[in-house]
Structures are given as C-alpha cells and as structure tokens.
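Structure, as structure tokens:
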Amino acid sequence: MAVASLTRMTVPLASDQSASNQGLLMPKLKYRFRVIFENFGVSTPRTELTKQVIDFKRPTMTFDDIPIEIYNSTLHLAGKGKWAEVSCNLRDDASGAVSKLVGEQIQKQMDFLEMASAASGIDYKFTTRFEVLDGGNGAATPIVLETWELYGCYLKSVDYGNMAYAESTPVQIAMTIMFDNANQTPNGTGVGSTIARTVNDVVTG
C-alpha cells in the first residue's frame, strides 16, 4: 500500500471544509499525564504524590437547567455552573511518604487529635495542576499539551483501601477532591479563555 494512502485514513469531509487528504490528527493518550499538588499537606517535597498517582479524573461541568414555561412551549436557559468533584488514586508507598502527606492534609482540614477545625478555607485549601504530556522523557523534555488548574481544592473524602491475602496488587489511597473553580492554562486554550460577554437587545430562547 502506498504511503500516500495513509492521508486518506480519516473521516471524509465536504470540499469546502478541508482537504480530502488531511489525514488523522494524533490523539492525546490517557497514560501520558502528571498531577502536581501545591500547598498540599505540610511536608516537602510533594513530588512523591506526583510519582505515585495511578489515575486522575478530569473535571466535569454541569449547568443548572432553568425551564421557562410559556403557553404551549417550554424554553430552557443555562443556570449556575457547578464543577463536580474529581477523583485521584495513589499508590501507598512502603516509606509512608504518600500516606503522611495525605494525613497532613486531612489534619489541616480537621485536627482529629484535638478535635479542632480550621479557622478558614485559606488555611487548608490547595491547588491541583493536571497536565497532559506528549510522551517525552529524559533528554527529550516532555511537552505539555493541556493543563487544568483546579483552585480552592480540599479533600472531600479519603479511602485508605483494604488489604487482602489473596491479592498481589499495590495498596491504594483513593482521594475525592472538591474544588471551587477550574481553568485550562495558558488562558486561551479552552475553559478560561477570554471571550467577550454577549449582550443582545432581543432576548429569546
């Protein structure tokens, strides 16, 4: 098969949309990523968390629905936007570095020895940065293809997992992270882009 035929291995589009021999764009791959936690816990460095991440769920946005009942019809408007919690699973290392950092973060939110809670959100909230990479490593510095920055994060739940004689798998710590806002950076690449607010005189559904 001629190499040129590979450029035709994609979805055919109308002639006014793109060339017929454009080929298929390289997709982002699920296993090429890293997660960085800023102001998480107390101990440093926090890179042990990044190295022990198993998986991470990208953000989910949901808008409230505002139904407008009118005569024979119902119109729908977008209401308040809500970010859903994200999940991150970690391997629990033998040195205890990961469980120590997670425990410190929990203690920042609530001191379970003295039963004293934090005075305000700024005392315990952290920032989570999720980066999609291109596969580079070592001498070939990885290129960041996509970045999500989650602001105002706190641990909503932590599951230290189970132990079992019948399993030959690493112990995991499952974290559920709630946050206030998220942007794709640098600004202009998606969520958080500068888009002028549209105001029209004629309001319709």
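Using only helices, what value at 222 nm comes out for the chain when you add -39,500 (n - 2.57) per DSSP H run of length 4 or more and divide by the total residues, to the nearest 500 deg cm²/dmol? Walk me through the numbers on the way to the answer.
Values: 2 runs with 18 residues, N = 205.
Theoretical 222 nm ellipticity from helices: -2500 deg cm²/dmol.
Which aspartates and glutamates have a Cα lying under 14 Å from the Cα of K80, excluding residues fewer than 8 positions away in the same chain?
Straight-line reach from K80, under 14 Å: D64, D65, D180.
How about segment 103-194: which GluC sites (Glu not before Pro) there lie in a loop by DSSP and see at most 16 other Cβ atoms within 10 Å?
Sites meeting the loop and neighbour criteria: E114, E167.
Within the chain, which is the longest segment containing none of the chymotrypsin sites (Phe, Trp or Tyr not before Pro) that sit in a DSSP loop and have at most 16 other Cβ atoms within 10 Å?
113-159
List the lysines whose Cα sits under 26 Å from the Cα of K100, skipping any in the same chain fewer than 8 residues away.
Hits, sequence-local ones excluded: K51, K57, K108, K125, K156.
In terms of the Cα gyration tensor, with a ≥ b ≥ c the square roots of its eigenvalues, is the chain rounded because a/c is under 1.5, prolate because a/b exceeds b/c, or oblate?
Numbers: a/c = 2.26, a/b = 1.26, b/c = 1.79.
Taking the square roots of the gyration eigenvalues as a ≥ b ≥ c, the chain is oblate.
Report the relative contact order of the chain, percent, no decimals, based on alpha-carbon pairs under 8 angstrom and at least 6 residues apart. Write out the running numbers ahead of the final one.
On the way: 335 pairs, mean separation 38.6, N = 205.
The value is 19 percent.
Based on the alpha-carbon gyration tensor of segment 19-105, what equivalent-ellipsoid semi-axes (square roots of 5 times the eigenvalues) come out, in whole Å, largest first?
Each semi-axis is √(5λ); the values are 40, 25, 9 Å.
Each reported figure results from applying straightforward, stated rules to the coordinates on display, with no laboratory input. Values in this document were obtained by computation on a predicted structure and should not be read as measured data. When we count neighbours, we look across all protein chains shown, and the Cβ atoms used for this are built from the backbone with ideal geometry, even at glycine.
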